[in-house]
């Protein structure tokens, strides 16, 4: 710019502007002319309420407190029973909204968007507050982007032992989070609490993750212990339905809640410093049969409620399947000891090597105690009634695992077939891999599994299947065992299997059918059956057993609080319908039963 | 003859108002175009005036305050009657040009009275500016009136118009005076750069600051008369008046159109700059013109 | 730039922290701040006071007052900080050294209730009008509570005209 | 024998830039004393910010200064980045530069309109404010909103530019260059403009330094101080531009500096678009907004606004919410230190254009 | 002339009023930033007979552009009371409805309609010029139908408004 030109004003130059008198104005004659609204326009909201899960992240992030979560049923019916969703939807107050679109960025499902429409005038100030719907017919504007999103969609990578290393040892595979990893992972949590719906025990997940983030592990464990007496164990072997419910699943990887739980408990040598509220003693006594997770849970919570509790455990170690079944590489025994120690510290008496029905009778318990809780679990392996099953080299998974974990069995055949596709089958297969590595260095060994279910419906968790595959387990999904083949010496030669037509019939019931003409033979010397377990209630006298009612699926019938049809007798764990066969649901219904027993005892006076 | 007089006394202000209003309308459109927009509907001023007159409430700061716009309007109407147009002469006689100069001040004084009553400093400043500005442009105005009067040897406006018949316009005979006359009329009209009186950014519309509703309506009507007076006087003095209404209108429009263009492109003067301006070039030129007349 | 920092360090009783290449924090005793500012302007030639305000360190029971200065030659922001007692917040005016301080002091006097000696305008209403509560920018003033007491929100079930 | 009287200019007065008031004491129409009366736009931003998450403040900060919101976003983001030690991607730097310069252009267009209007030339206001609208449309295309963009956020920018956006910006720059000739003709080269502003409200170099002026006011007195050069942020260090200076220090010089800066901004935008990497990330990943903790510490971030130095002083105590955010608007000094002194002795007619020539932006000091 | 009933006179008056709405140029808040584009050449609201005016006495519409803090509220009430009947108020954006982004700010009032009657609200922060024009057109329709009667409400419920004003202004 040459400043000289401007120093002397001109009289005539301004008159040049008169040229615009003869030019077309650039006025946009709204509303007769309109200009296109840009694609990213941030206008009034649109919400796909069917997709929305009511997690409330939009409400939490809103800088203007413009969003309230309301039940939209009167204007748009929603599925209120949907798991992993709250039956509420955002209602937006346009007397507050600043159109920053942070709610859109933070929406985990992507249901909330902004429209291109920002024209709303009304003389009624109260009308500026509504639940945005798709039906309102606004055109989509600003949406979230996958590249730039404030949500941390990727989870921390958990460090694990390499397959080649881990398959040679029973050392724990997962190393656990470091402090930095845990803090970063805890940071990811949005605190919406949808995960609590997934957890059978309804643990206070957002709170304990927040405590981890605050680096207050004691507070974190305190929150865990309120609903789950074995947090350290659940931090290792849980089926983590919470993670399946996590809202991050819609757009990325879930928060690794399980590993965070493990991290928090690992930081504490013991739980004795954790502040736990304990109610004054009531003088009531409760007997608990079975020291498995549900029994421990029930006992612990009853103790905190002020009752004195005795656990009768027939084994030499409390913990049930945790102590006997789950392999060391998943759950080290010291971890279990730590938690059981804590339960004992709280005042629970555990009588080991005491089998009800043998060392002490069931009637005695009913007499001496104010309430009895049955949590014996499914301690016997199920047979599939296979031809040749009675051969000594065919073994039940539960027995096999106990032999390895408790009795220290180390000998194993070179070629092993595992029947089953569940988590137990995976445990067996991977245990076998380790034993074979130890015994033979992995030379000429083979582990095969055979399961009715194909890949897509295999009941084992994905992590387990992947772990097994990495360790070299061969899978035969979609085949059903037909008969055990023996060689001339009477040794097992292999297993004849046939192709599965379908596993579930049209009524979605378990009713497998096979192609009888498609058969093959799996070679092997040793067969482990991992096809399910069953319970043993033989300790209950006949006349009482008759009073006990069962459900159609042969589980003990209990009410909401775990009370059976016999007054004062409660049941939980895998014996009841609410169990899903994992530790956490056993812990959960143990807790429920504890509440039920407490109510029962207090009402009895 | 008397009936004629009465008839024209009634019709003249209406004509003047219509002309002023039409100029206001055209100005809205022209300025909008230069500002690169479409502008309001052409009859917007009518809506404005009627709306103002229909305002339900009227706040008054006393009788004088209310009287101000009335006096201003009355003064303007009276002035209109003194200006011959299209061959119609109402109150003409010897010395009417001098009388006219006095009457024209009434409008401003009326405003001054009313605005003074409103006790708003903005209004007082606006009025003092109005009077100062008047002082500014009156000096060259008086000089050119003297030149014209001396040139035509009459103080009768109608005679001056008559003397310019057949294209002997004062514009040709006294071009310097005509130019000064244009500047003075422009300044008196209060368009940019001479809109010092009402300057919204300085004194918040000055004298009108406290006026609203019907009062403001009167002032808007007064503005229409004002436009007519200044331009009609210029046309009569320098462009030879006209023999019919249409021709008179066309001449007025030509003058006004040039004024509109200037209005759009210049910022506003400061009051002392404006007075200095009027007392400098227009006065010098007017004096030269007067000397030329005297020498002739 | 290091030259300037070295010269600041020569001032008695200051603690200098170089945060970035051009942000220097200088902690000064509250009694010495006027002398320090005077020295900075007239000896070191730091002519510009960009900013001045208060941080309410409620946990320590102090007000931190900072003066953001700018040195044009070496392009360094020198931030002088003093800590004064929160219960008896008094500072001395710096407007004789830096004229803009005058009005920043008015603001902090109003928003934090800091007394400014030598500034006759400080303490008169500046931004607020008819304010009767405690100085609003103090940490213990709860804005949300104040709103709930003094204003009515929509959709909170109440009388309508 | 002198009689003085008081006159309030504002808050409801067209001669005042925004909702703000100046109490004038006049003698005749000469100003005897002028006192600013702020607070009409006080919204307690600094208080509200302490109650919100770092990311939630994104909604508040652009509203501190209305005509040019992006400087607040940039300064806030820079303060947070400073505390966290985050480096932003190359492309984001350029995008920030373009957005900041676009905002500057918009602010100057708005200012030109306002300045011309205070001098009584409404035609230029109509033109410039109308032309500014195209800039707002470009912003809407980039980030979805015309005025409060919330585009620059800690770590970079919120979205990459949509395809073809750069070309539209370039076309707009060309359009403005064309229109600038008209602005010059009608206003900057207008004899009346010169008449009204030359020699009015002169600030000498010494005064400007003593009164701690920044931005165009300081440049108009001959001091080449500009945050973009002195403490380069965004991509300014890669861009070649000059700081305009004039030595007159009057209202005219300040106006001409702004006009000059306007042309500079057009050049900077063109350069930035040319030099900007065509692809690449535009954001460094930041933590989950609800648990976003910024390390303990203090930071002072400053940017060059259309009015001068705009700074954010941020104190973090290591939690999710800032402990204290203090905003330095350049208008605070310009109004209460400079304008109050400068208006004394001026004519009433000049008051509003002097205020606008200092570019007083009330929301900046009311906050 | 006496044939013209009061009803018809009102209709004509309303028709004229809606065609000539003068707004007071008082930028009470940040909403004022979207008004200039509406007023000037790009959107040119004078097409509808709207024009900015400088003093309350001359104006018909009061635009409350965004948040209102207590200090401004006092002036808004003064300005509103100075305006001549019939007068209309439009609240711009979120803030006059329920506090907007300043919901937790001690100096910003949350509901404008407690202090002066508001005829129309516009959603948005900021409302686009399109929305502003739509609002003006809506207001015109309301005037036409005689629905924009805020000034009557103010007179009717003066005690209510005065009480609220006194409470907050002290």
Q: State whether the residues of the range A:180-191 include one that is at pLDDT 85 or above, assigned to a loop (DSSP other than H, G, I, E, B) and out of contact with any helix residue (DSSP H, G or I) (no Cβ under 6 Å at 6 or more places or on another chain).
A: no
Q: Residue by residue through the range A:160-179, note down the ones that are assigned to a loop (DSSP other than H, G, I, E, B), touching a strand residue (DSSP E or B) at 6+ places or on another chain (Cβ under 9 Å) and in contact (Cβ under 8 Å) with a residue 40 or more places away in the chain.
A: A:173
**Q.** Scope the range D:111-140; condition away from chain B (no Cβ under 13 Å), surrounded by fewer than 24 Cβ atoms within 10 Å (Cβ to Cβ) and farther than 11 Å from residue D:176 by Cβ; matching residues
**A.** D:136, D:137, D:138, D:139, D:140
Q) Out of all the residues in the range A:345-387, which are over 26 Å from residue A:557 (Cα atoms), modelled with pLDDT under 80 and buried (at least 17 other Cβ atoms within 10 Å of the Cβ)? A) A:386
Q: Go through the range C:6-22 and give me each residue that's closer than 15 Å to residue C:74 by Cα and in contact (Cβ under 8 Å) with a residue 24 or more places away in the chain.
A: C:7, C:8, C:22
Q: Among the candidates A:109, A:68, single out the residue that is farther than 30 Å from residue D:251 by Cα, surrounded by fewer than 23 Cβ atoms within 10 Å (Cβ to Cβ), away from every other protein chain (no Cβ under 12 Å) and modelled with pLDDT of 85 or more.
A: A:109
**Q.** Within the range D:185-199, considering residues that are in contact (Cβ under 8 Å) with a residue 40 or more places away in the chain and surrounded by fewer than 19 Cβ atoms within 10 Å (Cβ to Cβ), the one nearest to the other protein chains (Cβ to nearest Cβ)
**A.** D:194
Q: Just one of (1) more than 8 Å from chain D (Cβ to nearest Cβ); (2) touching a strand residue (DSSP E or B) at 6+ places or on another chain (Cβ under 7 Å); (3) surrounded by 21 or more Cβ atoms within 10 Å (Cβ to Cβ) trips up residue C:118, so point out which.
A: (3)
Q) So which residues in the range D:209-232 are touching a residue at least 40 places away in the same chain (Cβ under 8 Å) and either surrounded by fewer than 19 Cβ atoms within 10 Å (Cβ to Cβ) or facing chain C (nearest Cβ under 10 Å) (or both), if there are any at all? A) D:211, D:212, D:213, D:214, D:218, D:227, D:231
Q: Answer yes or no as to whether residue E:12 is within 9 Å of chain B (Cβ to nearest Cβ) and more than 14 Å from the chain's Cα centre (by Cα).
A: yes
Q. Inside the range A:347-462, counting only helices (runs of 4 or more DSSP H) that do not spill past its ends, which hold 1 or more residues that are under 30 Å from residue A:600 (Cα atoms)?
A. A:362-368
Q | Test set (1) at pLDDT below 75; (2) surrounded by fewer than 24 Cβ atoms within 10 Å (Cβ to Cβ) - residue B:197 fails condition number | A | (2)
Q. Do you know which residues across the range E:22-38 are more than 8 Å from chain D (Cβ to nearest Cβ) and either under 18 Å from residue E:124 (Cα atoms) or touching a helix residue (DSSP H, G or I) at 6+ places or on another chain (Cβ under 7 Å) (or both)?
A. E:22, E:31, E:35, E:38
Q.
Residues to consider are A:296, A:336; find the one that is surrounded by 24 or more Cβ atoms within 10 Å (Cβ to Cβ) and part of a helix (DSSP H, G or I).
A. A:296
Q: Select from the range A:126-150 the residues that are surrounded by fewer than 21 Cβ atoms within 10 Å (Cβ to Cβ) and within 12 Å of chain E (Cβ to nearest Cβ) and list them in ascending order.
A: A:126, A:127, A:129, A:130
Q.
I'm trying to understand the selection: among the residues of the range E:111-147, which are outside any helix (DSSP H, G or I) and facing chain A (nearest Cβ under 8 Å)?
A. E:111, E:118, E:119, E:120, E:121, E:122, E:123, E:124, E:125, E:127, E:128, E:147
Q) Just checking, how many residues over the range D:71-122 are touching a strand residue (DSSP E or B) at 6+ places or on another chain (Cβ under 8 Å) and outside any helix (DSSP H, G or I)? A) 3
Q: Considering (1) crowded, with 22+ Cβ neighbours inside 10 Å; (2) within 7 Å of another protein chain (Cβ to nearest Cβ); (3) touching a strand residue (DSSP E or B) at 6+ places or on another chain (Cβ under 8 Å), say which one residue D:351 fails and leave the rest.
A: (2)
**Q.** Residues that are surrounded by fewer than 18 Cβ atoms within 10 Å (Cβ to Cβ) and closer than 20 Å to residue D:317 by Cα, drawn from the range C:58-80
**A.** C:58, C:59, C:60, C:61
(Q) Tally up the residues in the range A:1-54 that are more than 9 Å from chain D (Cβ to nearest Cβ) and either under 30 Å from residue A:131 (Cβ atoms) or touching a helix residue (DSSP H, G or I) at 6+ places or on another chain (Cβ under 6 Å) (or both), please. (A) 17
Q: Please enumerate the residues belonging to the range D:273-330 that are without any contact (Cβ under 8 Å) to a residue 12 or more places away in the chain and within 30 Å of residue A:107 (Cβ to Cβ).
A: D:287, D:288
Q) Is it true that residue A:118 is modelled with pLDDT under 85, in the same structural domain as residue A:63 (by TED's automatic domain parsing), part of a loop (DSSP other than H, G, I, E, B) and in contact with a helix residue (DSSP H, G or I) (Cβ under 9 Å, 6 or more places away or on another chain)? A) yes
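So which of C:25, C:63 ends up being without any contact (Cβ under 8 Å) to a residue 60 or more places away in the chain, under 20 Å from residue D:314 (Cα atoms) and in contact with a helix residue (DSSP H, G or I) (Cβ under 7 Å, 6 or more places away or on another chain)?
Of C:25, C:63, the one residue that is without any contact (Cβ under 8 Å) to a residue 60 or more places away in the chain, under 20 Å from residue D:314 (Cα atoms) and in contact with a helix residue (DSSP H, G or I) (Cβ under 7 Å, 6 or more places away or on another chain) is C:63.
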Q) Going by the structure shown, is residue A:95 more than 24 Å from residue D:287 (Cα to Cα), in a loop (DSSP other than H, G, I, E, B) and in contact with a strand residue (DSSP E or B) (Cβ under 8 Å, 6 or more places away or on another chain)? A) yes
Q | Leading residue by the ranking (farthest from the other protein chains (Cβ to nearest Cβ)) among those in the range E:76-98 that are farther than 19 Å from residue B:51 by Cα and touching a residue at least 40 places away in the same chain (Cβ under 8 Å) | A | E:77
Q: Can you tell me which residue among E:108, E:101 is crowded, with 24+ Cβ neighbours inside 10 Å, touching a residue at least 24 places away in the same chain (Cβ under 8 Å), within 7 Å of another protein chain (Cβ to nearest Cβ) and out of contact with any strand residue (DSSP E or B) (no Cβ under 7 Å at 6 or more places or on another chain)?
A: E:101
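The values are calculated or read from the model by the stated rules, or taken from the named source; none is laboratory data. This one's a predicted model, so the numbers in the text were calculated from it and none came from an experiment. A quick note on method: Cβ atoms are made from the backbone with ideal geometry, for glycine too, and the neighbour counts reach across all protein chains shown.
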